[in-house]
Amino acid sequence: MRILRGGRDWHFLEQKLIEVENQIYSIRQLKKILRRVNQIWQKDRLMGEINFIILLMVITLREVNLKSFELYTKLEPYNIKALRSHHEYDLKPFILECSSVGKEDDNLTRFFIEMLDITADRVLNPAKNHVLDNPDAKWQQDGSFKNQGVGFNNGYTDYLVRVLAERIPQEQVSDQNAIANVIELYELKLNDTKGILLFINRYLGFSDKEVINFERFFGVVDDKFSAIESIGKSIMKRPPLADYEVNYDVEEVLKGLLAESLTIHNLQYLFSSLLDKGLLGANNESSKRVDFLYDFLTFLGVTSGKHTSLALVQYRKQLGFWLTLLTSRPIVCFIYCCYHIGCQCMTSLQMMKFYKS
C-alpha cells in the first residue's frame with residue numbers, strides 16, 4: 001500500500017477517535033466493529049482506497065446506530081448536490097436530521113461533524129460558538145484532494161458507495177494506482193529527461209477518470225522526499241505546487257519539469273519519444289502526444305506559424321534524419337527542426353541561452 005501523507009495534524013485525528021470512543025458502549029461492540037473494518041481493509045477490497053479512520057467511523061455508525069446510518073446514506077447524495085449548486089449552503093439541517101433519530105443527540109452531532117470534516121475557520125471555542133452555528137462552517141471533503149472520506153463525490157469517486165459495496169465499483173478508479181503514479185513521478189531526478197518523458201507518455205495514455213484521480217493526489221507529498229534529491233523534494237519547496245489544486249493544469253507542471261531537465265544535448269529524446277513511429281497512429285493517444293509536443297514547444301517560446309500540431313506528424317519523416325545527427329550538430333538540428341514543423345524559431349540570443357543550459 002502506498003501512502004501520501006499530506007501533513008494531516010494529529011489533533012484532528014485524535015478528535016475523530018474521541019468521537020468514535022463516545023459512540024461505543026461495550027467491548028463486544030468494539031470487537032464487532034474492528035472485525036468488520038478488518039474484513040474490508042484488505043488488499044482485494046478497500047485497503048488504501050479510503051481513509052482508514054473514516055472507514056472506522058462509518059462502520060461504527062452502521063453498527064451502533066443503524067437508523068442514523070441509513071438516513072445519512074439516503075440524504076448524503078442530495079446534500080452533496082445542493083452543496084455544489086449553491087455558493088453558500090447551510091449544513092446544520094442536514095447534520096441535525098441525521099443525528100436526531102428518535103431524539104436529539106449532541107454526541108452523534110459531533111460525530112458527524114468529525115466524520116465529514118466540517119470545520120469553521122473562526123471557531124476558537126466550540127463550547128461557546130457551535131461549529132454548525134458559524135457562517136464559515138464548511139464541508140471540507142467536497143473540495144478536498146488530500147482526504148479519502150465520505151462526503152466526497154466528484155462524479156468519478158464516491159467513498160460512501162465504496163464502503164457500501166466494500167470494494168471499488170467498476171465505474172470508479174483505484175486511488176492506490178493514482179498514488180503509485182504520483183510517487184513514481186516524485187522519485188525521478190530533476191535532470192532525468194528520459195524518465196520524465198517516459199512518465200509523460202504514460203500520463204497521456206490515462207483515461208479521463210485516471211487523470212482526475214492523479215490530479216487529486218498530485219502535490220500531496222510525503223516527508224521522505226525531503227531527504228533525497230528528486231522531483232518530490234522540488235515540489236515540497238515550491239508553495240504553488242505543494243498547495244496544488246484540482247483546477248490547476250497538471251500538464252503545465254509536467255511541461256515545467258521537462259523544460260528544467262532539457263538541454264540541447266538531450267533534445268533528441270524529446271522528439272524520438274513523442275514522435276516515435278511505433279506510437280504514432282490514428283488513435284486518440286498518439287494525437288495527445290503530438291498535441292503535447294506542439295504545446296511544449298510553444299511553452300519553450302517557439303511561437304506557432306500557419307501550421308497546427310498535425311504538421312509534426314506530416315514532417316515526421318523529415319525529422320527522422322536529424323535525430324541521429326542531433327548529438328553531434330545540436331544547434332543546427334534544433335533550428336532545422338523548428339523551421340520544418342512550421343514554427344518561427346527563437347531568437348539567436350534565446351537559442352544560445354538554451355544551448356548553454
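Results, tabulated for the structure shown:
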| item | result |
| --- | --- |
| Conditions (1) more than 23 Å from the chain's Cα centre (by Cα); (2) open to solvent by 10 Å² or more (accessible area, probe 1.4 Å): number failed by Ile95 | (2) |
| Subset of region 104-129 (residues that are farther than 25 Å from Leu160 by Cβ and either at pLDDT 70 or above or aliphatic (A, V, I, L, M) (or both)) | Val123, Leu124, Ala127 |
| Any hit, region 78-97, residues being touching a Lys or Arg at 6+ places or on another chain (Cβ under 9 Å) and touching a residue at least 60 places away in the same chain (Cβ under 8 Å) | no |
| Members of region 1-50 found to be under 25 Å from the mean Cα position of the chain (by Cα), outside any loop (DSSP other than H, G, I, E, B) and at pLDDT below 95, listed by number | Trp10, His11, Phe12, Leu13, Lys16 |
| Residue tally, condition part of a helix (DSSP H, G or I) and of a type outside the set (D, E, K, R), over region 164-184 | 10 |
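The values are calculated or read from the model by the stated rules, or taken from the named source; none is laboratory data. Note that the coordinates shown come from a computational prediction; the quantities given were computed from them, not determined experimentally. Please note: Cβ atoms are built from the backbone with ideal geometry, for glycine as well, and neighbour counts cover all protein chains shown. Heads up: the accessible areas ignore ligands, DNA and RNA and are worked out on the full protein's heavy atoms, side chains in. Shrake-Rupley method; radii C 1.70, N 1.55, O 1.52, S 1.80 Å.
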